[in-house]
Amino acid sequence: DHFHGSDLEKIEEIYGIKKEEIVSFSANVNPLGVSPLLRTTLADKIDAITTYPDREYTSLRKCIAAYCGTDHENVIVGNGSTELISLFIQIEHPKKAMIIGPTYSEYEREISLGGGTTLYYPLREKDDFKLDVNDFISHLNENIDLLVICNPNNPTSSCITSADMRHILDACKEYDIYVMVDETYVEFAENMEEIDSVPLTNYYNNIVILRGTSKFFAAPGLRLGYAITGNRDLIKAINTRKNPWTINSLAVVAGETMFSDTAYIKETKDLITKERARMYQAFCESPDYKVYKPSGNFMLVRILRNDLTSQELFDRAIREKMMIRDCSTFPFLDNKYIRFCIMNPEDNDRLLHCLLNNE
């Protein structure tokens, strides 16, 4: 069996381990959990559920705009970024899309549901899964109408700089290709200012950026996502199509709190930066693995030992109540790849011991 980071109930059933006891290194969620400020604010403002939220979500959009450095008129909110991916694909209705892979499977599923077909441009192991921009651009043509990029990419944790993104957007403009950039993990990147595509929305109308609160703000159950684009026609089309009040009143309160919670944001960035460097170094020093330079809050590792597979490592870790991702189900990866996210130092120590010291 292959498990998603949210499949703890299945793990509980198969391995007989209580889900509350499992440390999920597979879900890529901020190990700090919900911020104390958010916890108290939600409790204090529980009465928000007695009224409908503002249909336009103006105050929430202004908070998001201030956090991202854009105009609130460029912000659309949705019930998780998944709803916005779905709406965007319904509106653009791509006949042929290109996805840079290996990556998240939801993009292909949504394109397929809309009747479109998907091509993959593979990131190559020999390039450490970094995009060769010139080669990639040479594969674009007028038959493609949508390009999907996850940046930093899941599961490779590689990233594309905004300078390279400009070259991609210029080429896509030539072929009338719309670009959807999923920046779910961008806030974890140490060089965020070098890879953040939000400033590009001031100059390009063929880009939409998707983000959410599930990973960085440790709130997957909140279902609060948002999109940023300078294309006002696209914003109008999405707002016309989307259902009213898809964001509940408590999610609005949460959003207005979390995006200005500077102490929590700093603590998260500091923790991830420090622990990511430490874990990366530990795997660099092991002869059993090859680790790829991570930009997100997770890293991809290749198993170099012939007598070991990703399934065996998954099994080894879960028996110690730690869940990692067996990457053999991702396109272009096989049973020699695992992915795990950065957790608290003591949990990271346990995982390092499990993966590096066991025979």
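Per the listing 193, 187, the residue uniquely open to solvent by 10 Å² or more (accessible area, probe 1.4 Å), within 18 Å of the chain's Cα centre (by Cα) and modelled with pLDDT of 95 or more is 193.
Across segment 230-258, which residue is nearest to residue 88 (Cα to Cα) among those that are small (Gly, Ala, Ser) and open to solvent by 10 Å² or more (accessible area, probe 1.4 Å)? It would help to see each step written out before you state the result.
Step one: list which residues in segment 230-258 are small (Gly, Ala, Ser), which gives 230, 237, 249, 251, 254-255.
Adding the requirement that they be open to solvent by 10 Å² or more (accessible area, probe 1.4 Å) leaves 230, 237, 249.
Working: 230: 14, 237: 9, 249: 24 Å.
Going through the qualifying residues, I end up with 237.
One residue stands out in segment 47-60 among those that are touching a residue at least 60 places away in the same chain (Cβ under 8 Å), under 18 Å from residue 225 (Cβ atoms) and part of a helix (DSSP H, G or I): the one that is least open to solvent (accessible area, probe 1.4 Å), namely 60. Among the residues making up segment 265-313, those that are buried (at least 22 other Cβ atoms within 10 Å of the Cβ) and either among the basic types (Lys, Arg) or closer than 30 Å to residue 66 by Cβ (or both) are 272, 276, 294, 295, 296, 297, 298.
Within segment 236-281, being basic (Lys, Arg), within 26 Å of residue 53 (Cβ to Cβ) and assigned to a helix (DSSP H, G or I) holds for 236, 241.
If the condition is being under 19 Å from the mean Cα position of the chain (by Cα), of a type in the set (A, V, I, L, M, F, W, C) and open to solvent by 10 Å² or more (accessible area, probe 1.4 Å), then segment 333-356 contributes 333, 343.
Can you spot a residue in segment 211-224 that is touching a strand residue (DSSP E or B) at 6+ places or on another chain (Cβ under 7 Å), outside any loop (DSSP other than H, G, I, E, B) and surrounded by fewer than 19 Cβ atoms within 10 Å (Cβ to Cβ)? Scanning segment 211-224, I find no residue that is touching a strand residue (DSSP E or B) at 6+ places or on another chain (Cβ under 7 Å), outside any loop (DSSP other than H, G, I, E, B) and surrounded by fewer than 19 Cβ atoms within 10 Å (Cβ to Cβ), so the answer is no. Among the residues of segment 310-319, are any among the hydroxyl-bearing types (Ser, Thr, Tyr) and touching a residue at least 40 places away in the same chain (Cβ under 8 Å)? No, that holds for no residue. Among the residues of segment 70-98, write down those that are within 14 Å of residue 238 (Cβ to Cβ) and acidic (Asp, Glu). Once the filter is applied, which keeps residues that are within 14 Å of residue 238 (Cβ to Cβ) and acidic (Asp, Glu), segment 70-98 yields 73, 83, 92.
Which residues, taken from segment 93-111, are in a helix (DSSP H, G or I) and open to solvent by 70 Å² or more (accessible area, probe 1.4 Å)?
Within segment 93-111, the subset in a helix (DSSP H, G or I) is 106-111.
Of everything in segment 93-111, those that are in a helix (DSSP H, G or I) and open to solvent by 70 Å² or more (accessible area, probe 1.4 Å) turn out to be 108, 109.
In summary, residue 135 fulfils each of the numbered conditions (1) assigned to a helix (DSSP H, G or I); (2) in contact (Cβ under 8 Å) with a residue 12 or more places away in the chain; (3) open to solvent by 30 Å² or more (accessible area, probe 1.4 Å) with the single exception of condition (2).
Among the residues making up segment 98-127, those that are among the polar types (S, T, N, Q) and in contact with a helix residue (DSSP H, G or I) (Cβ under 9 Å, 6 or more places away or on another chain) are 105, 117, 118. Among the residues of segment 6-21, which ones are modelled with pLDDT of 80 or more and not in a helix (DSSP H, G or I)? Within segment 6-21, 16, 17, 18 meet the criteria.
Within segment 181-193, residues that are part of a loop (DSSP other than H, G, I, E, B) reach partners that are open to solvent by 10 Å² or more (accessible area, probe 1.4 Å) and polar (S, T, N, Q) with beta carbons closer than 6 Å, at six or more positions or on different chains, in the pairs 189/295; 190/273. Checking each residue in segment 69-83 for being buried (at least 22 other Cβ atoms within 10 Å of the Cβ), small (Gly, Ala, Ser) and not in a helix (DSSP H, G or I) picks out only 78. Contact map, segment 104-125: residues that are under 17 Å from residue 339 (Cβ atoms) and modelled with pLDDT of 90 or more paired with residues that are among the aliphatic types (A, V, I, L, M) and open to solvent by less than 70 Å² (accessible area, probe 1.4 Å), Cβ distance under 7 Å, separation 6+ or inter-chain. Pairs shown: 123/100; 123/131.
Could you tell me whether residue 37 is outside any loop (DSSP other than H, G, I, E, B) and open to solvent by 20 Å² or more (accessible area, probe 1.4 Å)? Answer is yes for this residue. Hey, any hits in segment 264-287 for a residue that's among the polar types (S, T, N, Q) and within 20 Å of the chain's Cα centre (by Cα)? Yes: one or more hits. Only a single item in (1) polar (S, T, N, Q); (2) closer than 20 Å to residue 204 by Cβ; (3) over 17 Å from the mean Cα position of the chain (by Cα); (4) surrounded by 17 or more Cβ atoms within 10 Å (Cβ to Cβ) is not met by residue 118, and it is number (2).
The values are calculated or read from the model by the stated rules, or taken from the named source; none is laboratory data. What you see is a predicted model, and the numbers here were worked out from it, not measured in a lab. Please note: Cβ atoms are built from the backbone with ideal geometry, for glycine as well, and neighbour counts cover all protein chains shown. SASA here: full protein model, heavy atoms, side chains in, ligands and nucleic acids out. Shrake-Rupley method; radii C 1.70, N 1.55, O 1.52, S 1.80 Å.
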